[in-house]
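Chemist: To start, I am sharing the structure in question, which I have written as structure tokens.
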Amino acid sequence: MYLIDITIKTDAVSAAQSEALLAGHRAWFAKYFEQGYFLLLGPYLDRSAAGVIIARADSRAQLDAMLAEDVYWADKLADYQVREFQAKMVADRIQAD
């Protein structure tokens, strides 16, 4: 499993681009959520323009290919920090607040 920390570089995104890019970003993560690769995701409440994704993939190469589809990726409009981890304990039920 992977923990993906994404921070949008707001100083690199114009106001005119912002809404369209965010819509594309949301469509990207919805696609992989619906396919079962992104397991949990959402924005940070204590940092603006940033969020986290917990994902699964068959390999790091597969994950990198998915990340490369994000609208912020190609022009380096966001920072992506990826950490691989192995879950040792998983709650039977995880609920969003």
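Chemist: Would you be able to say whether some residue in the range 25-41 is on the phi > 0 side of the Ramachandran plot and either surrounded by fewer than 10 Cβ atoms within 10 Å (Cβ to Cβ) or of a type in the set (Phe, Trp, Tyr) (or both)? Give the derivation first.
Modeler: At the first step, the residues of the range 25-41 found to be on the phi > 0 side of the Ramachandran plot are 36.
Of the ones still in play, those that are also either surrounded by fewer than 10 Cβ atoms within 10 Å (Cβ to Cβ) or of a type in the set (Phe, Trp, Tyr) (or both) are 36.
Yes, the range 25-41 contains at least one residue that is on the phi > 0 side of the Ramachandran plot and either surrounded by fewer than 10 Cβ atoms within 10 Å (Cβ to Cβ) or of a type in the set (Phe, Trp, Tyr) (or both).
Chemist: Here is a further query. Identify, by number, the condition in (1) on the phi < 0 side of the Ramachandran plot; (2) exposed (fewer than 12 other Cβ atoms within 10 Å of the Cβ); (3) modelled with pLDDT of 95 or more that Met89 doesn't meet.
Modeler: (3)
Chemist: List every residue pair whose Cβ atoms lie under 6 Å apart, where the two residues are 6 or more positions apart in sequence or sit on different chains, the first residue falls within the range 42-64 and is within 11 Å of Ile4 (Cα to Cα) and touching a residue at least 60 places away in the same chain (Cβ under 8 Å), and the second residue, located anywhere, is aliphatic (A, V, I, L, M) and surrounded by 14 or more Cβ atoms within 10 Å (Cβ to Cβ).
Modeler: From residues that are within 11 Å of Ile4 (Cα to Cα) and touching a residue at least 60 places away in the same chain (Cβ under 8 Å), the pairs are Leu63/Ala57.
Chemist: For Tyr32, are the conditions met, namely being assigned to a loop (DSSP other than H, G, I, E, B) and touching a strand residue (DSSP E or B) at 6+ places or on another chain (Cβ under 7 Å)?
Modeler: Numbers: assigned to a loop (DSSP other than H, G, I, E, B): no; touching a strand residue (DSSP E or B) at 6+ places or on another chain (Cβ under 7 Å): yes.
Here the answer is no, as Tyr32 does not meet what is asked.
Residues are listed down the side, and each one gets a yes or a no for (1) in a loop (DSSP other than H, G, I, E, B); (2) over 12 Å from the mean Cα position of the chain (by Cα):
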| position | (1), (2) |
| --- | --- |
| Gln17 | no, yes |
| Ala20 | no, yes |
| Leu40 | no, no |
| Ala57 | yes, yes |
| Gln62 | no, yes |
| Met66 | no, no |
| Gln86 | yes, yes |
| Val90 | yes, yes |
| Arg93 | yes, yes |
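Chemist: Report, by residue number, each residue of the range 10-46 that is charged (D, E, K, R) and modelled with pLDDT of 95 or more. Give the derivation first.
Modeler: Initially, the range 10-46 is screened for residues charged (D, E, K, R), giving 11, 19, 26, 31, 34, 46.
Listed by number, the residues that qualify are Arg26, Lys31, Glu34, Asp46.
Chemist: Give Phe38, Phe85 a once-over and let me know the one that is without any contact (Cβ under 8 Å) to a residue 60 or more places away in the chain and not polar (S, T, N, Q). Even if it seems obvious, please write down each step before you answer.
Modeler: On the way: Phe85 fails: without any contact (Cβ under 8 Å) to a residue 60 or more places away in the chain.
Matching residue, one of Phe38, Phe85: Phe38.
The values are calculated or read from the model by the stated rules, or taken from the named source; none is laboratory data. Being a predicted model, the structure only gives us computed values, none of them experimental. Every residue, glycine as well, gets a Cβ built from its backbone with ideal geometry; the counts of neighbours run over all protein chains shown.
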